[in-house]
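Structure first, commentary second.
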Amino acid sequence: MRIGVPREVAEGERRVGLVPETVSRLVGEGFEVLVETGAGWDYNLDEHYEEAGARVVGSAGEVYGEAEIVVKVAKPAEEEVGMLREGQVLICFLNGPQEPGLVERLAKRGVTVFSNEAIPRTSAAQSMDALSSMGSIAGYKSALIAANTLGKYVPMLSTAAGTTKAANVLVLGVAVAGLQAIAIMHRLGANVFAYDIRPETKEQARSLGATFIDSEDERREEEEDGWEEYEPTGWRRLMVSLGFYSFAEPPRDEYVVEGEEEEEAGGEEPEQWSREKLEADQRLVRERIKEMDIVITTALAPGRRAPKLVDREMVESMRAGSVIVDLAAEQGGNCELTRAGETVKHAGVAIVGPINLPSTMPIHASQLYARNMYNIIRHITSGGEEEGIRLELDFEDEIVSKMCIAHGGEIRDRLTREALEESRSGGG
């Protein structure tokens with residue numbers, strides 16, 4: 001079975017689908033690998049691929065013409081779509097709901113498309129999860145960009161001229177990118193705060209040194225600050241002196257926790273409680289953002305527009321010289337004022353909208369991506385050098401079922417089909 005690695009043609013894309021390390025493994029297991037000349041840019045040279053056992057060819061046409069599985073990073077350009085053929089497997093980043101027309105064209109050509117954005121977030125799929133691999137790099141770079149843009153030290157520093165305060169940093173969205181941003185900012189010496197609507201992320205953020213913003217925690221602290229220890233009086237005090245220590249506890253009818261009666265009677269609906277807590281959390285974030293020097297936003301769901309977390313009013317409440325780095329810029333931004341690929345200044349605040357951050361670290365990004373691709377390839381193939389390798393697509397398997405968004409001339413992904421219908425009806 002032949003695997004093809006074309007040179008990326010998207011502007012600014014410097015990653016490559018497979019690196020010599022993974023090529024060597026695949027060749028050793030019986031695959032044939034074709035690599036377009038120059039695909040590895042200036043860090044994986046043609047001779048490195050040849051030493052690993054690949055056949056370096058002179059054009060993309062040869063790669064697409066001979067390969068049965070094509071491994072790319074970015075979605076195919078129009079000229080590349082024309083080179084793909086029926087029965088061929090394409091693995092790349094192709095956000096189906098954002099590119100329904102492209103998926104339709106590939107499906108009509110009979111191409112089987114595996115989208116990295118559609119990977120299920122399960123332990124079984126973890127080794128294939130390129131979305132997380134690239135998210136980690138984006139989180140790392142976002143912290144460095146923020147520190148470089150901020151006009152002050154990030155850590156607290158003592159000098160002969162005095163002591164500077166550590167920067168306050170807020171990370172909104174505690175997934176892979178957010179966790180990496182927290183870790184790097186903590187290492188740089190910042191006071192790091194984090195927020196996510198998912199309660200399970202609280203301990204993850206705390207384990208990396210962040211203070212998690214939670215309205216429930218704030219309420220408990222206020223209650224504890226105003227707490228007065230119960231002291232028995234009158235006959236209760238007498239009973240305690242005689243050894244009946246149960247009377248040292250507050251009487252049940254005098255110390256009823258607010259809302260406890262309703263809980264015992266069935267309580268409020270969980271959905272109502274969640275809405276109220278979410279609103280309280282948002283009010284708290286709105287207050288805390290005024291104290292921040294840096295805000296890094298990372299909230300993004302594949303196939304959807306980025307949720308708006310920071311509005312104009314919040315930006316204007318921040319101190320002049322503060323920085324916002326919006327990792328969701330390419331999907332519309334978490335900040336209302338973000339512009340993809342630009343740095344916007346508003347009310348003295350710099351709003352940075354970086355695009356394709358993993359490509360700014362192509363060496364490690366390509367290494368990690370290639371390992372993910374190796375695991376996907378081995379997951380959808382069977383056999384070895386002696387008995388021969390064959391494609392084996394088991395659509396009962398969750399990974400194959402979710403990642404394969406087009407096969408046999410049809411669009412398999414529901415969200416992509418819905419987006420296509422919406423675009424045809426004039427809604428998109």
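The values are calculated or read from the model by the stated rules, or taken from the named source; none is laboratory data. All of these numbers come straight from a predicted model, not from anything done at the bench. For neighbour counting, all protein chains shown are included, and Cβ atoms are generated from backbone atoms with ideal geometry for every residue, glycine included. Note: accessible area is taken over every heavy atom of the protein model, side chains too, but ligands, DNA and RNA are not part of it. Shrake-Rupley method; radii C 1.70, N 1.55, O 1.52, S 1.80 Å.
Put simply, of Ser142, Ser133, Ser127 the only residue that is surrounded by fewer than 15 Cβ atoms within 10 Å (Cβ to Cβ), of a type in the set (S, T, N, Q) and in contact (Cβ under 8 Å) with a residue 60 or more places away in the chain is Ser127. Restricting attention to the stretch 263-285 and to residues that are closer than 13 Å to Glu216 by Cα and of a type in the set (S, T, N, Q), the residue that is modelled with the lowest pLDDT turns out to be Ser274.
When the residues of the stretch 14-43 are filtered to those that are more than 14 Å from Val71 (Cβ to Cβ) and assigned to a loop (DSSP other than H, G, I, E, B), which remaining residue is most open to solvent (accessible area, probe 1.4 Å)? Result: Asp42.
To keep it simple, each residue is scored yes or no on (1) of a type outside the set (Val, Ile, Thr); (2) more than 12 Å from the chain's Cα centre (by Cα).
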residue	(1), (2)
Val111	no, yes
Ser115	yes, yes
Leu131	yes, no
Lys152	yes, yes
Leu179	yes, no
Arg187	yes, yes
Ala194	yes, yes
Glu200	yes, yes
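Considered as a group, the residues in the stretch 156-184 that are closer than 15 Å to Glu291 by Cβ, touching a strand residue (DSSP E or B) at 6+ places or on another chain (Cβ under 8 Å) and not small (Gly, Ala, Ser) include one that is surrounded by the most Cβ atoms within 10 Å (Cβ to Cβ), and that residue is Val171. Regarding the stretch 319-336, can at least one residue be identified that is under 16 Å from the mean Cα position of the chain (by Cα) and of a type in the set (Asp, Glu)? Yes, because at least one residue in the stretch 319-336 is under 16 Å from the mean Cα position of the chain (by Cα) and of a type in the set (Asp, Glu). Looking only at the stretch 417-428, count how many residues are in contact with an Asp or Glu (Cβ under 8 Å, 6 or more places away or on another chain) and assigned to a helix (DSSP H, G or I). Matching residues across the stretch 417-428 total 1.
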